[in-house]
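Down below is the structure, laid out as structure tokens.
Read-outs: derived from the displayed coordinates by stated rules, not from any lab. Worth saying up front: this structure is predicted, and the values here are computed from it rather than measured. Using ideal geometry, Cβ is built from the backbone for each residue, glycine included, and neighbour counts are taken over all protein chains shown.
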Ligand SMILES: Cc1cc2nc3c(=O)[nH]c(=O)nc-3n(C[C@H](O)[C@H](O)[C@H](O)COP(=O)(O)OP(=O)(O)OC[C@H]3O[C@@H](n4cnc5c(N)ncnc54)[C@H](O)[C@@H]3O)c2cc1C
């Protein structure tokens, strides 16, 4: 790379956010450089496993025919674990296995490389094995990035920071005000190889159908949860753990995964599988309340770099928010070039556009979700309470008569140290948070 190379737009990070931004800006005819530190897009990236791809409908028409899909998710379960017990709500939809689909499992190295290729097809220049090491500024204006290549300074009137969780570019620009570890979780995952036919038999699916199981009560009191996802020839199993809880606990993530794999509800699903890979990554779990400022003179921030993962118990979605925000950042960059205005005021429309889209609408609506789901009662008491409730309802007490539901509930509440008032309060709070 020669010194002081220029472009119209520099995108840092070829994850889903960066590739979407680069695709939109390049498609509009802008000269885009997409800088990725890994040897190829996705090489450094991990996640649980499900991409909700409808956000691609406009961006990549016919994406369902091109994307490297492992399985289309047609079963979604929420499992609550307590000791050796498990209570599961299981939803299955045939419609999710047909276009337009709902979500699919896909490997990140495959998916990220595929999406980056779409940006390259549109004309973006992808530069791999290159790390952006800092911002180039002129006064208050950001005008480029330095990279770790010799003479690797890149200049452009727009820099889009898509460098993932803990974005050091956004921090360097002074946009971050919340980097308390309480707002981050660590996700750790094992990928376990199993024959596709075994996966289909064990998870009760056929063909290209797949399963997503979210689990509460498997983290030994550390705020968080677990997951199991099916790929074509492997199963992903992992835990998500609050950093503060993890730091004070005496257990490591891999031990929690080992225990989860031994649970009677999970063990038969992964038995005999061969460990393919272990990986871990941070998640910006704080959501809307902890987002940085989203733009400044010459720079926009998208995806995890802007804390746009929605991790609120019922959902663990980040790729779709990354793509949605990246695409809008690309659009704003194009508009700024048309107006030749790269000021903070010009870029302020980015936030308004995000507010008008699902990206900030969802984050705003469910902003209380992370705090509620990670609260002490939900994490430590309700798994036991729910399993006791199921036990009380389904255990046949003959020759004694069945207890009524009210008695089962008050006994389950008492055993787990929850008052009926707490229950009512949390019910109302849950409705407020998710309503
Ligand atoms: C355990 C776990 C489970 C998850 N499960 C799901 C799920 O099932 N579904 C879902 O939708 N989301 C899930 N997520 C969230 C999802 O992974 C993220 O929200 C998503 O990857 C964000 O995309 P992004 O492009 O913003 O950032 P990233 O995917 O992190 O991409 C950032 C890119 O920037 C590059 N980069 C970073 N710094 C630099 C630099 N200085 N110079 C050059 N390149 C740089 C990185 O190499 C990387 O390619 C999960 C996350 C974790 C950790």
Packing-based order for 14-21, 176-183, using average beta carbon neighbours within 10 Å, highest first: 14-21, 176-183
Distance between segment 56-121 and segment 313-382 - C-alpha centres, whole angstrom: 20
0 to 90° range, to nearest 10: angle between helix 382-394 axis and the chain longest Cα axis: 40
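Per 0.36 nm of contour for each residue apart, how much would the distance between residue 232 and residue 267 grow if the chain were fully extended, relative to their Cα-Cα spacing? It would help to have the intermediate numbers written out before the result.
Numbers: separation 35, 0.36 × 35 = 12.60 nm, distance 1.88 nm.
Additional length available on full extension: 10.7 nm.
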Label-point separation, residue 394 to residue 77 (7 Å along Cα→Cβ), nm: 1.1
Mean ellipticity per residue at 222 nm, deg cm²/dmol - from DSSP H runs of n ≥ 4 across the chain, formula -39500 (n - 2.57): -9500 deg cm²/dmol
Degrees between helix 253-262 axis and first principal axis of the chain (Cα, 0 to 90, nearest 10): 40
Pair residue 198, residue 361: separation of 7 Å Cα→Cβ label points (nm): 4.4
Helix 16-27 axis, angle to the chain major axis (alpha carbon atoms, nearest 10°): 40
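How much length would be gained if the chain were fully extended between residue 410 and residue 43, taking 0.36 nm per residue of separation minus their Cα-Cα distance, in nm to one decimal? It would help to have the intermediate numbers written out before the result.
Numbers: separation 367, 0.36 × 367 = 132.12 nm, distance 5.13 nm.
Going from the current span to full extension adds 127.0 nm.
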Residue among 42, 303, 139 with the largest mean-square fluctuation in a Gaussian network model of the chain, springs linking Cα atoms under 10 Å: 139
Using a Förster distance of 35 Å, the FRET efficiency for residue 177-residue 425 (Cβ separation, nearest 0.05): 0.70
Mean shadow area of segment 187-299 over all directions, Cα convex hull, nm²: 9.5
Contour excess over end-to-end distance, with Cα ends at residue 65 and residue 137 and 0.36 nm allotted per residue: 21.7 nm
Relative packing of 234-245, 95-106, which averages over residues the other C-beta atoms within 10 Å, highest first: 234-245, 95-106
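Counting pairs of alpha carbon atoms under 8 Å apart in space and at least six apart in sequence, what relative contact order in percent does the chain give?
Working: 957 pairs, mean separation 85.7, N = 435.
Averaging sequence separation for qualifying contacts and normalising by length gives 20 percent for the chain.
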Relative contact order, percent, segment 181-284 [alpha-carbon distance under 8 Å, six or more residues apart]: 42
